[in-house]
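Structure first, commentary second.
The values are calculated or read from the model by the stated rules, or taken from the named source; none is laboratory data. What you are looking at is a predicted structure, and each value in this text was computed from that prediction instead of being measured. Neighbour counts are summed over all protein chains in view; Cβ atoms, including those assigned to glycine, are modelled from backbone coordinates with ideal geometry. Protein only, heavy atoms only, side chains kept; ligands, DNA and RNA dropped before computing areas. Shrake-Rupley method; radii C 1.70, N 1.55, O 1.52, S 1.80 Å.
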Amino acid sequence: MTLKSDFLRYQAQTSPYPLGMEVSHAVGSYIYDTQNKAYLDFVAGVSACSLGHQHPRVNQAIIDQLHKYSHVMVYGEYAQHPATEYCKLLVQNLPPQLNKVYLVNSGTEATEGALKLARRVTGRSQLISCHNAYHGNTMGSMSVMGFEERKQIFRPLVPDVEFITFNNEADIAKITTRTAGIILESIQGGAGFIQPENDFLLKVKQRCEEVGALMIVDEIQPGFGRTGKLFGFENYNVVPDVVIIGKGMAGGMPVGGFIAHERYMDLLSHDPKLGHITTFGGHPVIAAASLATLQEILEKDYAAQALEKEKLFRQLLVHPLIAEVRGRGLMLAAMTSDPEITNRAIFKCQDKGLILFWLLFEGKAIRITPPLTVSEAEIREGCALLLEALDEIMTEDKHVTLG
């Protein structure tokens, strides 16, 4: 039996046709299969491997912590250096309104905690999200997913959830004194890397202040330097009430968190006690990886570099089959005119040794979210492979037409 056949036989799948690459090892911007073929990684574990693969600083932090202690107690009971130092450094680099962190195990768990917090703070039940939004896949997170096809079979979900259209200012009026909180991505991910326009996020925050609702901003994908700032909301002149984090915060290790003012976060400790609990949140090994990742991003100023690398991508990705390049920094999507072109391009690129991927709800998008550490030479290499694949598609289509 091969590794791939065992993978398909014994491990539950999320789609009928997984890519099934047999992974041997990964270093920097490259993943190697069991035949030692190198693949340039322009996906970074779907934005999770922010410093690439096997980053020495992150690896060493993990090793050092393993030699001290691993899990010792459920979250929130013991003072542990890695988690405490991480939360301290994170808060020091955030607006003063965001001064207490709750560490969890994943982005979707962070969403769950933030939704609970909004209801606890306000005493209200209504939650508002956006059409084509994605905030995770557990029941609460799925309830605020704005894509009915993915959740219909799992209903009934959490009640009293309404949806508005991202960037539709008229819809802001739907936030009322019934609303506990509205959850939005600072850049919509699954929808096609849609940026807010005309101060949309700021106008949502102003409305929340008028009616006493909380504004929750999902930074699971845009966060940790990917969009030119440490967090995406900083690009849009707004400070949310609650921020959700995950993916790239631990250099590829499983983690999440939500952040708010201490007067809100402290409510989770009483009436009732244990308002939100988790066994492995703040795990010392994961927290050590998170701390090393954040230190590296801040010290090397990878956020500013992301904007320069974006310019190079936009300069290179010019092709008749690319209608536009959406997104910001290293959260980019090359848009084709047809999902079939996107599919063919992604598969062709994998054959050529370039890893690209899809977005959840926008079939025409080619995901380009490389590690923040990707080099100029690697950007040029990857873009050349993508353009080569698109040229082949044009040639093949021409032959089909002529035939």
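The figures follow:
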{"item": "Boolean, I341 is open to solvent by 10 Å² or more (accessible area, probe 1.4 Å), closer than 30 Å to V121 by Cβ, β-branched (V, I, T) and assigned to a helix (DSSP H, G or I)", "result": "no"}
{"item": "Positions within the stretch 353-393 being among the aliphatic types (A, V, I, L, M), assigned to a loop (DSSP other than H, G, I, E, B) and open to solvent by less than 30 Å² (accessible area, probe 1.4 Å), in sequence order", "result": "L356, L359, L372, V374"}
{"item": "Filtered residues of the stretch 223-252 (kept if of a type in the set (A, V, I, L, M, F, W, C) and surrounded by fewer than 24 Cβ atoms within 10 Å (Cβ to Cβ))", "result": "L230, V238, V239"}
{"item": "Selection within the stretch 161-195 - crowded, with 22+ Cβ neighbours inside 10 Å and not aliphatic (A, V, I, L, M)", "result": "F166, T179, G181, E185, S186, Q188, G189, G190, F193"}
{"item": "Filtered residue count, the stretch 201-222, keeping only those that are closer than 18 Å to A365 by Cβ and open to solvent by 10 Å² or more (accessible area, probe 1.4 Å)", "result": "2"}
{"item": "Given (1) open to solvent by 60 Å² or more (accessible area, probe 1.4 Å); (2) assigned to a helix (DSSP H, G or I); (3) touching an Asp or Glu at 6+ places or on another chain (Cβ under 8 Å), index of the condition N198 fails", "result": "(2)"}
{"item": "Residue that is farthest from G232 (Cα to Cα), among those in the stretch 79-90 that are open to solvent by less than 60 Å² (accessible area, probe 1.4 Å) and touching a residue at least 40 places away in the same chain (Cβ under 8 Å)", "result": "Q80"}
{"item": "The listed residue being modelled with pLDDT of 95 or more and under 20 Å from F193 (Cβ atoms), out of E234, E210, E262", "result": "E234"}
{"item": "Residue in the stretch 56-78 that is part of a loop (DSSP other than H, G, I, E, B), in contact with a His (Cβ under 8 Å, 6 or more places away or on another chain), open to solvent by 60 Å² or more (accessible area, probe 1.4 Å) and not small (G, A, S) present", "result": "yes"}
{"item": "Hey, V255 at pLDDT 95 or above and open to solvent by 10 Å² or more (accessible area, probe 1.4 Å) or not", "result": "yes"}
{"item": "The stretch 84-102 - residue that is touching a His at 6+ places or on another chain (Cβ under 8 Å) and outside any loop (DSSP other than H, G, I, E, B) and, of those, nearest to D266 (Cα to Cα)", "result": "K100"}
{"item": "Some residue of the stretch 284-299 being closer than 27 Å to G190 by Cβ, open to solvent by less than 40 Å² (accessible area, probe 1.4 Å), touching an Asp or Glu at 6+ places or on another chain (Cβ under 8 Å) and among the polar types (S, T, N, Q)", "result": "no"}
